[in-house]
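Derivation of every value follows stated rules applied to the coordinates shown; laboratory data play no part. All of these numbers come straight from a predicted model, not from anything done at the bench. No Cβ is skipped: glycine too gets one built from the backbone with ideal geometry, and neighbour counts run over all protein chains shown.
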Amino acid sequence: MRTSTKAIRSCAVVPAGLAGSFVAGIGLGFLPDAGLVLAFLGTLLVSLFLACGWLEAPAARVFGFARGLRPGERAVLAPTLALLEKLDLAPGRVLVRLDEDARLPASPVGRGTVIVEPWLVQGVYERRLTHEDAATAIGHAVASQRVGPARFDLAARLWALPWTLVYVVVRQIARIFSWVPAAEFAWHLRVVVGVVVVFQGFQPGGDPVLGVATGVLVAVSYVAPAADRAWRAVVRRDADRIVAQRGLAGSLIHLAQWQHGSDSLERVQRIRAAAAEQKAKGVETTAPEGHGALVLAHPTAFR
């Protein structure tokens, strides 16, 4: 499974990295050739540091738009982290995201960093969440890091950053103008625009390099997100099994139902099967099942 996970991940990382390099080259086109070479070598050097596990703390803060735990937050999460230590799911570093958004309660970044949402810490403090519920969210992020190839995560994010920014901006523009008739439909048919640009690039007076580059970017906009979704599905499946076997199946089921709604049936069945398998083996878990209050603690529950 690990080999297939890496193969799927490469289908998302490699195209996004190449597209990011191309976008960065266009954006830095005002620099002389020596400047472009220095920028490339600098990016390569930082990537090597990140791949070796260095500079992860500041890089995770930048890419995750997060900060370190404050003393009060650390005290609130102390029992949760102690439980994760017993379950062998303790993260190497915990950060708090700076902005409020409807994301996963905890997300993995790099080799050993987990970014938690502010509402998760607030929910534990206000006792709308148990420590088992918080441990489920953080432990699932840690299990995802162990299943998926996390060694080059930050380095891949660095190379794909220009492309990611362009992709996010274009998607936001498409959402802003979604009220325009057929605007969303036009975004989904961007492949037609790519084909036309490639064709015009090879016509008399056209620029073949620009045409091919545009076609590649359009192709990446399809391939990279699809491969990323497939990779996340594989990682989520194995992470679910790990967390369920640690005795946190109850909270994990509620988390799955909140994330996927009626589409969570198969995932819930896999979680229950993993928990039943662990129980059949006679292996005792060290954590009780949480009450599944992750939904109640999420900001959307109050809207």
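Give the order of Ile253, Ile138, Ile173 when sorted by the count of other beta carbons within 10 angstrom, beginning with the fewest.
Working: Ile253 23, Ile138 27, Ile173 12.
Taking fewest neighbouring Cβ atoms as first place, the list is Ile173, Ile253, Ile138.
Would you calculate, for the chain, the mean residue ellipticity at 222 nm contributed by helices, counting each DSSP H stretch of 4 or more residues as -39,500 (n - 2.57) and dividing by all residues, to the nearest 500? Mind showing how you got there, number by number?
Numbers: 13 runs with 207 residues, N = 303.
Value at 222 nm, helices only, nearest 500: -22500 deg cm²/dmol.
Based only on other Cβ atoms within 10 Å, what is the fewest-to-most ordering of Asp153, Asp33?
Details: Asp153 24, Asp33 7.
The fewest-first ordering by Cβ neighbours comes to Asp33, Asp153.
Pop the C-beta distance of Ala82 and Ala230 into the FRET formula with R0 = 25 Å and round what comes out to the nearest 0.05. Can you show the working numbers first?
On the way: r = 35 Å, r/R0 = 1.41.
So, using R0 = 25 Å, E works out to roughly 0.10.
Round to the nearest 0.05 the FRET efficiency obtained for Cys11 and Glu266 when R0 = 25 Å and r is the Cβ-Cβ distance.
Numbers: r = 23 Å, r/R0 = 0.93.
That pair, Cys11 with Glu266, gives E of 0.60.
What dipole magnitude, in Debye to the nearest 20, does segment 179-259 give about its Cα centre under +1 on Lys/Arg Cβ and -1 on Asp/Glu Cβ?
Working: 7 positive and 5 negative charges, 82 e Å.
Here segment 179-259 has a charge dipole of around 400 debye.
Once Lys and Arg get +1 and Asp and Glu get -1 on their Cβ, which of Gln245, Leu255, Ala226 lies farthest toward the positive end of the dipole of segment 208-272?
The residue sitting farthest along the positive end of the dipole is Gln245.
Among Leu38, Leu252, Leu104, Leu120, what is the fewest-to-most ranking by other Cβ atoms within 10 Å? Spell out each step's value before the answer.
On the way: Leu38 12, Leu252 29, Leu104 16, Leu120 25.
In increasing order of surrounding Cβ atoms, one gets Leu38, Leu104, Leu120, Leu252.
Spelling out what I want: for every residue of segment 118-132, take phi, set θ = phi - 60°, compute 6.51 cos²θ - 1.76 cosθ + 1.60 (Karplus), and round to whole Hz; glycine and proline get x.
So the J values, rounded to whole Hz, are x, 5, 5, 5, 5, x, 5, 5, 8, 6, 7, 10, 8, 5, 5.
Could you give each residue of segment 149-154 its phi-based ³J(HN,Hα) in whole Hz, using Karplus coefficients 6.51, -1.76, 1.60 with θ = phi - 60°, and x for Gly or Pro?
Couplings: x, 9, 4, 9, 4, 5 Hz.
How big is the chain along each principal axis, measuring the range of its Cα positions in Å and listing the largest first?
Answer, in whole Å and largest first: 72, 43, 39 Å.
Pull up all non-local amide H partners of Leu95: gap of 5 or more, or a different chain, and H-to-H distance under 5 Å with H placed in the peptide plane.
Val114, Ile115, Val116
Taking every DSSP beta bridge with both residues inside the chain, roughly what % is antiparallel (nearest 5)? If you can, show how the numbers build up before the last one.
On the way: 7 of 11 bridges.
Roughly 65 percent of the DSSP beta bridges within the chain come out antiparallel.
How large is the charge dipole for the chain, taken about the Cα centre, if only the Cβ atoms of Lys, Arg (+1) and Asp, Glu (-1) carry charge, to the nearest 20 debye? Walk me through the numbers on the way to the answer.
On the way: 32 positive and 23 negative charges, 91 e Å.
The dipole of the chain has a size of about 440 debye.
For Leu189 and Leu210 in one chain, what is 0.36 nm times their gap in residues minus the Cα-Cα distance, to one decimal in nm? Intermediate results must be reported in sequence, preceding the final value.
On the way: separation 21, 0.36 × 21 = 7.56 nm, distance 1.99 nm.
Here the answer is 5.6 nm.
Report the label-to-label distance for Ala219 and Ile26 in nanometres (one decimal), using points 7 Å from each Cα along the Cα→Cβ vector.
1.6 nm
So who's got an amide H within less than 5 Å of the one on Leu129, skipping anything under 5 residues away but keeping other chains? H placed 1.01 Å off N, in plane.
Val124
Choose one of His188, Val14, Thr136: the residue whose Cα lies farthest towards the positive end of the charge dipole of the chain (beta-carbon charges +1 Lys, Arg; -1 Asp, Glu; about the Cα centre).
Thr136
How large is ³J(HN,Hα) for each residue in segment 244-252, as worked out from phi by the Karplus curve 6.51 cos²θ - 1.76 cosθ + 1.60 (θ = phi - 60°), to whole Hz, x for Gly and Pro?
5, 6, 8, x, 10, 5, x, 5, 5
With a Förster radius of 30 Å, plug the Cβ-Cβ distance of Arg175 and Ala51 into 1/(1 + (r/R0)^6) and report the FRET value to the nearest 0.05. Intermediate values should be presented prior to the final figure.
Details: r = 34 Å, r/R0 = 1.14.
Computed FRET efficiency for Arg175 and Ala51: 0.30.
Where nothing but the Cβ of Lys and Arg (+1) and of Asp and Glu (-1) is charged, how large is the charge dipole of segment 76-179 around its Cα centre, in debye to the nearest 20? The partial results should precede the final answer.
On the way: 12 positive and 10 negative charges, 68 e Å.
The dipole of segment 76-179 has a size of about 320 debye.
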